[in-house]
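The values are calculated or read from the model by the stated rules, or taken from the named source; none is laboratory data. Just so it is clear, the structure is predicted and the values come from calculations on it, not from any experiment. Counting neighbours? That spans all protein chains shown, and the Cβs are built from the backbone with ideal geometry, glycine included. Quick note on the areas: whole protein, heavy atoms, side chains included, nothing else; ligands and nucleic acids left out. Shrake-Rupley method; radii C 1.70, N 1.55, O 1.52, S 1.80 Å.
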Amino acid sequence: MPLCENRCRLTSATAADWPRQVNDSRGVHTLESKPTRIVSTSVTLTGSLLAIDAPVIASGATTPNNRVADAQGFLRQWGDIAKQRKVARLYIGEPSAEAVAAQMPDLILISATGGDSALALYDQLSAIAPTLIINYDDKSWQELLTQLGTMTGHEKQAAERIAAFDKQLAQVKQQMKLPPQPVNAIVYTAAAHTANLWTTESAQGKLLHQLGFTLAALPDGLHTSKSQGKRHDIIQLGGENLATGLNGEGLFVFAGDEKDVNAIYANPLLAHLPSVKNKRVWALGTETFRLDYYSAMLVLDRLNALFK
């Protein structure tokens, strides 16, 4: 059984009703009733909660008006939906237990890793309301959606969203002519000449695999940086490792647009790469920094346009 199912798995005997027992890395939690006031301390998790119509009332945010976020600091692919549903912004960046408590939540969600993790505040938050730790770095967006559906009592909505995506995926896959394989997938920071390389364990890698793409194997002896803790979904590349790690025939730039593609083409240290020489660098849009139902659908549209 995959790790992700073990970590936060509903006991099947109580699937239809409440209270429910849910496991996470801190043990077993009993949720007495279906949550009605969910606070997401992780901007990454919020999109998936919105997609399954879970009652998320407030969310952590990232820096407003940057390349991946709107004026609220919410991710672009679901910012408008959050506005319609009047989701409050808890804070920008640094987590605050006081801001969470002020929302009077009956369920609090924390991401286990990443820049939006409030794990350091676990003890304070779990004194406010039941608090669950979610790993998003080792599963597809569909697995995450299913897990959140189970925790919130929105299993039906999660299944419907996945079915809608699967239908669209099948259509795109049928029409798509794949470029030369294998490929790399990254988030590129042009100013620093660094990249986060998505692994086969990442939601991004899993999505590309579903569409028939093959991610290039990492070269042996590649030394990488891990400033965001032990993450399964990314490998940080910089300096001479940047070119070494980008060893595919094509290169997908998540959370990027044509400006990022042009910056890669203009970087002399990358000029020898097959993807750069053959002009096979493709931007997937600034709404694709984190994958959820909304951004996954946008990726399908973009790939359909690129490889029809």
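Summary of values
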quantity: Considering residues of region 172-196 that are without any contact (Cβ under 8 Å) to a residue 40 or more places away in the chain and more than 16 Å from ALA263 (Cβ to Cβ) only, the residue nearest to the chain's Cα centre (by Cα); calculated: LYS173
quantity: Selection from region 197-210 of residues that are more than 13 Å from the chain's Cα centre (by Cα) and either polar (S, T, N, Q) or not in a helix (DSSP H, G or I) (or both); calculated: LEU197, THR200, GLN210
quantity: Residue in region 103-110 that is open to solvent by 20 Å² or more (accessible area, probe 1.4 Å), in contact (Cβ under 8 Å) with a residue 60 or more places away in the chain, hydrophobic (A, V, I, L, M, F, W, C) and closer than 28 Å to VAL28 by Cβ present; calculated: yes
quantity: Residue list for region 277-288, restricted to those being over 30 Å from LEU49 (Cβ atoms) and buried (at least 20 other Cβ atoms within 10 Å of the Cβ); calculated: VAL281
quantity: Test for LEU109: is it at pLDDT 95 or above and within 17 Å of the chain's Cα centre (by Cα); calculated: yes
quantity: Residue in region 255-276 that is open to solvent by less than 60 Å² (accessible area, probe 1.4 Å), in contact (Cβ under 8 Å) with a residue 12 or more places away in the chain and under 16 Å from the mean Cα position of the chain (by Cα) present; calculated: yes
quantity: Exclusive hit being at pLDDT below 95, assigned to a strand (DSSP E or B) and surrounded by 22 or more Cβ atoms within 10 Å (Cβ to Cβ), set LEU291, LEU237, LEU251; calculated: LEU237
quantity: Unmet criterion (only one of (1) open to solvent by 60 Å² or more (accessible area, probe 1.4 Å); (2) not in a strand (DSSP E or B)) for ARG89; calculated: (2)
quantity: One residue from VAL56, VAL68, VAL28 being surrounded by 15 or more Cβ atoms within 10 Å (Cβ to Cβ), of a type outside the set (Asp, Glu) and more than 15 Å from the chain's Cα centre (by Cα); calculated: VAL56
